[in-house]
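The values are calculated or read from the model by the stated rules, or taken from the named source; none is laboratory data. If you're wondering where the values come from, they're calculated on a predicted model, not measured in any experiment. Neighbour counts run over all protein chains shown; Cβ positions are idealised from the backbone, glycine included. Areas reflect the complete protein model, heavy atoms only, side chains present, ligands, DNA and RNA absent. Shrake-Rupley method; radii C 1.70, N 1.55, O 1.52, S 1.80 Å.
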Amino acid sequence: MSESPNTEEIAETPAPPKKRGRPPKAKPPAENTKKPRTKKTAKPAPPLPAPTVKKRGRKPAAAPIETPPEPIPENAPEPILETAPNPPPNPEPEPEKPKRSERLRDFAANLSKITSLPAVRWIAVVALVATLACLYLFVQFRGLSSPTAMDQAQIARALAAGQGFSTNYLRPFAIRQLEQAGKPVPTHKFPDFFQSPLNPLANALPLKIVQSQWKLGPLDVVYIADRMIAGTAILSFLISVGVWFLIARRLFDPKLAALGCTMILLTDLFWEFSLSGLPQMLMLLIFSGVCWTTLRALEKHSDRRVGAMWALTTGILFGLLILAHGAATWIFLSWLVFAGMVFRPRGIAVLAALAGALIVVAPWLWRNHEVCGNPLGIAGYELLAPALESESGYLRSLTDTPTFDATRTLNRLTTALGIHTGQILSFLGMNLLALMFFASLLHKFQPPSTELFRRAVLLMWFGAWLGMALCGVDGPIHSNQLHVLFLPVFIFFGLAFVLELWSRLGISTPSLRTAFLIFLILISALPLLSRLVSKPVAAIQWPPYVPPFIAILGEWFEKNEIIASDMPWAVAWYADRHSILLPKTMKDFTRISDFRLLGESISGIYLTPVTGNRRLFSEIYKGPYDDWVLLIERPPPDPLQFALPFFTPLPIDGECILYADRDRWSRRE
């Protein structure tokens, strides 16, 4: 039986052998072919546990057989699963402690961040100001020491008591002025027409607050009214520093303004004037306003045109400055020259400023004319009399009047030029940066308003120097000292000039710049630090003032009685009694006392080291007190021949002596 051909062919062709492993990958389909549907792949099975290697020894305990959990009903509460505690983590290695230098660096960085905060800076400034004010007012203050300050203080007390501008300090020359003008000499509430009125007005309110303590007790070393006047001056100074900060910020930048104001606060001269009771700190506040309005006028109009309102405001402020001190008139005249040269139209600015000043000053001039017949009172004669001799010269005379002498005036200007040139550093509070103002004149500042403002300051300073030369100044703390008004603006320009020179050195290290600024601050603060560290010489202003022993005269003399003295300003202030300046001659004394020109006879003479410490021959025997030699020698050879035969020495160490018409000091049973 034969097989079919098909079966033969099949038998002849063997089947292809099967290959082990994965089948070969299929070729990618053509582009035109449709993509096959993706098949759902099953989730991969969890990996098998790694095989364990059998170790020799005991067999490990068999793992517990896990039983499937029972189904939890839907409404059953969820069981609380107990979790096995996690194994403790591997302890991390302790970080290395920072080095000491790194800790100091981090501390300094944090400290710099804290000090850069505005609130911290303001707190530091307030703390500095409060500390300095307390140290000077309660530690350094020993009472008033200037005759002008005491005279204005007792006028302020009269204002606070409702007695107007009346004075207890009587001058023989004032009596002559009233007689010459045909005015009656008042026997009660003698009007004052010598002092400027603004400072007494400013001090009247603080004195009114302590009216119940006006009477000075025997244990009151420092009069509380003295402290109130000093506190008022400190307040004026601090307010003026704020105005100067605004001025410096417009002139330069806030950083320089803050640094300059710090130097102003650390300048001892300002604090000394604050404690003196003189009007300089009130004048400093008003003058800062003058500088502010002048600078704003220069900034407002770049074409140098100024509105009438700016000039009028400046004139009003100058009027207040003149009422604080008559010598400020010379500063005002210098400003008028500057306004006439810079502002346009020229006549408008000058006339507006003059009108503003007259609005303020004219009422006082009219009052003086009505009281004594002279708009300037008797203060104008100070320009004609020898410098610094008013209290010992023409004010003591009942007959003589100062006259103009061209040679004497020229000699006064020449002498003042030498004094102010040789002692300019002491007049500027020993502040070297203020002295650099004159060196800064070689540098031109930008913008133009800053440069023009500096020229205005320089011209006003020259006017102040002329006024000081005519009135006379004998030291840094004096009633006619006007350099202190320009000290803040001198500091700002001097500081700007020094910092400009420093920037040209190209030193960019911040630490060196900070050290340089600290050095400048320390230079300005050296006089202040020296005063605060050193021990006060005494608790009172002796010689010649001993407030408790001067106040006792108020117990020995009645309110309407009159005491002659070589320092009547102190008797009028501390004893609150009428006191007349010791007349120039015995003849004048006899006429005032015997004819009762003041309504009463002179009941006593109180002499102090003001005359006792003078040179015996040049100032007593041959000087202005030659008629009083016998009384100054203490006691006179024959006191019974004098109108006041009774006398007693007074403390300290008998350097004061009181002559009286009767025994007023012995205790009466």
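Taking the condition out of contact with any Asp or Glu (no Cβ under 6 Å at 6 or more places or on another chain), surrounded by fewer than 23 Cβ atoms within 10 Å (Cβ to Cβ) and under 21 Å from L275 (Cα atoms), does R176 pass?
Numbers: out of contact with any Asp or Glu (no Cβ under 6 Å at 6 or more places or on another chain): yes; surrounded by fewer than 23 Cβ atoms within 10 Å (Cβ to Cβ): yes; under 21 Å from L275 (Cα atoms): no.
The answer is no for R176.
Could you check region 172-198 and list, in sequence order, the residues that are over 17 Å from G373 (Cβ atoms) and of a type in the set (G, A, S)?
S196
Residue check: is L598 in contact with a helix residue (DSSP H, G or I) (Cβ under 6 Å, 6 or more places away or on another chain), among the hydrophobic types (A, V, I, L, M, F, W, C) and surrounded by fewer than 24 Cβ atoms within 10 Å (Cβ to Cβ)?
no
Take the residues in region 496-521 that are small (G, A, S) and over 19 Å from S440 (Cα atoms), then tell me which one is surrounded by the most Cβ atoms within 10 Å (Cβ to Cβ).
Residues of region 496-521 small (G, A, S): 496, 503, 506, 508, 511, 515.
In the following step, the residues that additionally are over 19 Å from S440 (Cα atoms) were identified as 506, 508, 511, 515.
Details: G506: 6, S508: 8, S511: 7, A515: 10.
Per the stated criteria, the residue is A515.
In region 569-582, how many are within 21 Å of P635 (Cβ to Cβ) and part of a loop (DSSP other than H, G, I, E, B)?
The number of residues fulfilling the criteria is 1.
Please list, ordered by residue number, the helices (runs of 4 or more DSSP H) wholly in region 268-340 having 3 or more residues that are modelled with pLDDT under 95 and within 16 Å of V350 (Cα to Cα).
On the way: elements: 268-276, 280-300, 308-324.
Of the helices (runs of 4 or more DSSP H) lying wholly inside region 268-340, those with at least 3 residues that are modelled with pLDDT under 95 and within 16 Å of V350 (Cα to Cα) span 280-300, 308-324.
Only one residue in A109, A160, A124, A130 is of a type in the set (G, A, S), more than 30 Å from L388 (Cβ to Cβ) and modelled with pLDDT of 95 or more. Which one?
Unique residue meeting the criteria: A160.
One residue is enough: does region 250-273 have a residue meeting the conditions within 24 Å of W573 (Cα to Cα) and of a type in the set (S, T, N, Q)?
No, because not a single residue in region 250-273 is within 24 Å of W573 (Cα to Cα) and of a type in the set (S, T, N, Q).
What's the number of the only condition in (1) out of contact with any helix residue (DSSP H, G or I) (no Cβ under 9 Å at 6 or more places or on another chain); (2) in a helix (DSSP H, G or I); (3) within 23 Å of G217 (Cβ to Cβ) that A538 fails to meet?
Evaluating A538 over (1) out of contact with any helix residue (DSSP H, G or I) (no Cβ under 9 Å at 6 or more places or on another chain); (2) in a helix (DSSP H, G or I); (3) within 23 Å of G217 (Cβ to Cβ) leaves (2) as the failure.
Residue by residue, here is whether (1) free of Cβ contacts under 8 Å to residues at least 40 places away in the same chain; (2) more than 24 Å from L336 (Cβ to Cβ) holds:
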{"position": "H443", "(1), (2)": "no, yes"}
{"position": "L452", "(1), (2)": "no, no"}
{"position": "R455", "(1), (2)": "no, no"}
{"position": "A469", "(1), (2)": "no, no"}
{"position": "V489", "(1), (2)": "no, no"}
{"position": "G494", "(1), (2)": "no, yes"}
{"position": "A515", "(1), (2)": "yes, yes"}
{"position": "I518", "(1), (2)": "yes, yes"}
{"position": "I521", "(1), (2)": "no, yes"}
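In the set V360, V337, which member is closer than 21 Å to A464 by Cβ, touching a Leu at 6+ places or on another chain (Cβ under 9 Å) and open to solvent by 60 Å² or more (accessible area, probe 1.4 Å)?
V337
Considering (1) touching a Leu at 6+ places or on another chain (Cβ under 8 Å); (2) surrounded by 18 or more Cβ atoms within 10 Å (Cβ to Cβ); (3) over 25 Å from T148 (Cα atoms), say which one R591 fails and leave the rest.
Among (1) touching a Leu at 6+ places or on another chain (Cβ under 8 Å); (2) surrounded by 18 or more Cβ atoms within 10 Å (Cβ to Cβ); (3) over 25 Å from T148 (Cα atoms), R591 violates only (2).
Here's the yes/no breakdown for (1) outside any helix (DSSP H, G or I); (2) on the phi < 0 side of the Ramachandran plot:
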position: L470; (1), (2): no, yes
position: D474; (1), (2): yes, yes
position: H478; (1), (2): yes, yes
position: F486; (1), (2): no, yes
position: F490; (1), (2): no, yes
position: A496; (1), (2): no, yes
position: L501; (1), (2): no, yes
position: G506; (1), (2): yes, no
position: L517; (1), (2): no, yes
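Considering each residue of region 404-421, count those that are more than 23 Å from G475 (Cβ to Cβ) and either in contact (Cβ under 8 Å) with a residue 60 or more places away in the chain or β-branched (V, I, T) (or both), and give that number.
The qualifying residues number 1.
I need the full set of residues from region 390-403 which are of a type in the set (D, E, K, R), open to solvent by 30 Å² or more (accessible area, probe 1.4 Å) and over 32 Å from the mean Cα position of the chain (by Cα), in order please.
Filtering region 390-403 down to residues of a type in the set (D, E, K, R) leaves 391, 396, 400.
So of that shortlist, the ones also open to solvent by 30 Å² or more (accessible area, probe 1.4 Å) come out as 391, 400.
Across region 390-403, the qualifying residue is only D400.
Filter the helices (runs of 4 or more DSSP H) completely within region 583-669 down to those with at least 2 residues that are in contact (Cβ under 8 Å) with a residue 40 or more places away in the chain.
Because the criterion is at least 2 residues that are in contact (Cβ under 8 Å) with a residue 40 or more places away in the chain, the helices (runs of 4 or more DSSP H) in region 583-669 that meet it are 586-594, 609-612.
Out of everything in region 235-261 that is closer than 23 Å to L522 by Cβ and within 9 Å of the chain's Cα centre (by Cα), what residue ends up being surrounded by the most Cβ atoms within 10 Å (Cβ to Cβ)? Step through it out loud before you land on a result.
Keep residues of region 235-261 that are closer than 23 Å to L522 by Cβ, which gives 237-238, 241, 244-245, 248, 252-261.
Cutting the leftovers down to within 9 Å of the chain's Cα centre (by Cα) gives us 237-238, 241, 261.
On the way: F237: 22, L238: 18, V241: 19, C261: 20.
Selected residue: F237.
Given L376, L365, which one is over 30 Å from the mean Cα position of the chain (by Cα) and modelled with pLDDT under 95?
Working: L365 fails: modelled with pLDDT under 95.
Result of the check over L376, L365: L376.
Scan region 404-429 for residues that are open to solvent by 70 Å² or more (accessible area, probe 1.4 Å) and in contact with a His (Cβ under 8 Å, 6 or more places away or on another chain) and report the count.
Of the residues in region 404-429, the ones open to solvent by 70 Å² or more (accessible area, probe 1.4 Å) are 404, 407-408, 410-411, 414-415, 417, 421, 423.
When the remaining residues are screened for being in contact with a His (Cβ under 8 Å, 6 or more places away or on another chain), the result is none.
So the answer is 0.
When the residues of region 601-610 are narrowed to those that are surrounded by fewer than 22 Cβ atoms within 10 Å (Cβ to Cβ) and not β-branched (V, I, T), which ends up nearest to R662 (Cα to Cα)?
S601
Looking at region 522-541 only, could you name the residues that are of a type outside the set (A, V, I, L, M) and surrounded by 10 or more Cβ atoms within 10 Å (Cβ to Cβ)?
S524, P527, S530, R531, P536, Q541
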